[in-house]
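One structure below.
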Amino acid sequence: MKTVSSLLDDEWYARYKRISKLNIRSSIYDVTNRCNLRCKGCFFFSSGEDKAAEEEMRQDRWEAFIDNEKERGVNLAILIGGEPTLYLDRVEAFYRRLPTFCATNGLIKVPRDRFPDLMVGISLWGDENDEKTLRGKDTFAVSSRHYAGDPNTYYLYTITPKQIGKIEKIICKIKDVGVKVHMQLLSNDEGVDGFSWQPEELNDVRFEMDDMLDRYPDTVISCKYYHEVITTGKMLGRPFGWNECPSVTEPLDTRSPQPKRLIHFIRWASDLKTMHRCCTSETRDCRTCKDGAAHMSWVMVNKRAHIRTTKDLQNWIEVYEMFAKLYQFIPW
Ligand code: SF4
Ligand code: SF4
């Protein structure tokens, strides 16, 4: 029988042992329904999730809710929205209680005297032109001033089909301001013309992402297996989609048979009562889903299937390490 130790040499086995202790239990929280941008293709607004629930305004209720989440076993709070930095007291309530990650567009700076080591992920949707087309603003010009050199920040660079052949320019821009970058792919939820992926584009972007990782290993937080899985939508020959997705809210998950999934995962709306279907758009057709976190979690929950060859298991370890770095469970 294939076992972990029979497939790995000492170095890889030590890497495996380091992550196998982590036992990450994440959930996602809409901190607010408001945002200071309105990006075309934003899954939150395009799916009407901003209207799914009335925002809880009382700080004490947020605090009691987070205490309950901790009791429930959550050890990673992923804050999204809307724009979480519009409500820093809520962000602080999470930060004081749980390992916390804050997604932001970077227009409002998270004050480092109040949140010294909060992991911040800044969304970036391409070059100046793409950002102006899709988001109405060159956000990088602002966010890079706020976070240059910040060791607890990375750019979450959403690559669009228009970016093929131009990714290096963005990676260098980010490298030059002294922060890390993680790449994911746009799911064109609002059908903006020219921003839906064609098969040959996915092939091209995969190799461009690989090339960026080879050339900028100190800036890019990624791994080639992640690039393969997200661009092909396949893992070990199995297609991604509703039947396989690990990031479905557990109490709403009525799938049968149940796939391997994130244990106790819930995506909470900002009333702290309503649950959304999954980690991303409520209305997205799963066949078009390119959500990066869902794809990496898909790999992570399927460890057993990767105990097949040395390469498969190493691929699994690299994806797990990438996730653990992005959420500060292990150093960059
Ligand atoms: S900044 Fe984020 S939450 Fe706000 S509209 Fe854009 S994608 Fe949506
Ligand atoms: S939209 Fe994506 S993340 Fe949501 S259930 Fe479908 S596949 Fe999973």
message: What's the magnitude of the charge dipole for the chain around its Cα centre, counting Lys and Arg as +1 and Asp and Glu as -1 at the beta-carbon? Answer in Debye, nearest 20.
response: 720 debye
- request: Could you tell me which of the pairs Lys175/Lys234; Lys2/Lys303; Lys180/Lys234 are separated by over 24 angstrom between their Cα atoms in the structure shown?
  value: Lys175/Lys234; Lys180/Lys234
message: Order these by the 10 Å Cβ neighbour count, fewest first: Thr160, Thr104, Thr249.
response: Thr249, Thr160, Thr104
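Output the antiparallel fraction of DSSP beta bridges having both residues in the chain, as a percent to the nearest 5. Before the final figure, lay out each step's value.
On the way: 5 of 32 bridges.
Of all bridge pairs located within the chain, approximately 15 percent are antiparallel.
Quick one: if the Förster radius is 45 Å, what FRET efficiency do Glu11 and Lys166 give, using the C-beta to C-beta distance and rounding to 0.05?
Working: r = 36 Å, r/R0 = 0.80.
Step by step, r from the Cβ atoms, then E = 0.80.
Do you know the relative contact order of the range 23-298, to the nearest whole percent, from alpha carbon pairs under 8 angstrom that are 6+ apart? Working shown, then result.
Details: 500 pairs, mean separation 59.9, N = 276.
For the range 23-298, the relative contact order is 22 percent.
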- prompt: Once the dipole of the range 23-298 is set up with Lys and Arg at +1 and Asp and Glu at -1 on Cβ about the Cα centre, which of Tyr147, Gly194, Gln163 lies farthest towards its positive end?
  reply: Tyr147
message: From zero outward in steps of 10 Å, how is the percent of C-alpha pairs of the range 1-155 spread across the bins?
response: 10, 32, 30, 18, 9, 1
task: State, to one decimal in nm, how far the label point of Thr310 lies from the label point of Asp67, with both points 7 Å from Cα in the Cβ direction.
output: 5.3 nm
Centroid-to-centroid separation of the range 278-292 and the range 28-87 [C-alpha atoms, Å]: 18 Å
query: What's the extension gain from Gln328 to Asp89 if we count 0.36 nm per residue and subtract their Cα-Cα distance?
result: 83.9 nm
statement: Computed over all unlike Cα pairs, the Kirkwood hydrodynamic radius of the range 23-298 in Å stands at 19.1 Å
- line: Rounded to the nearest 500, the 222 nm mean residue ellipticity computed for the chain from DSSP H runs (n ≥ 4, each -39500 (n - 2.57)) alone is -11000 deg cm²/dmol
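If R0 is 30 Å, what FRET efficiency do you get for Arg96 and Lys260 from their C-beta distance, rounded to 0.05?
Values: r = 33 Å, r/R0 = 1.09.
FRET efficiency, Arg96 to Lys260: 0.40.
Taking only the alpha-carbon atoms of the range 208-332, what semi-axes of the equivalent ellipsoid follow from 5 times the gyration tensor eigenvalues under a square root, in whole Å, largest first? Don't skip to the end; give the middle numbers.
Values: eigenvalues 131, 60, 40 Å².
Working through the eigenvalues yields semi-axes of 26, 17, 14 Å.
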task: May I ask you to list the lysines whose Cα is less than 21 Å away from that of Lys132, ignoring any residue fewer than eight positions away on the same chain?
output: Lys40, Lys109, Lys162, Lys166, Lys169, Lys173
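Read-outs throughout are calculated quantities, based only on the coordinates presented, and are distinct from any laboratory measurement. Source: prediction; values computed, not measured. Note: ideal-geometry Cβ built from the backbone for every residue, glycine included; neighbour counts use all protein chains shown.
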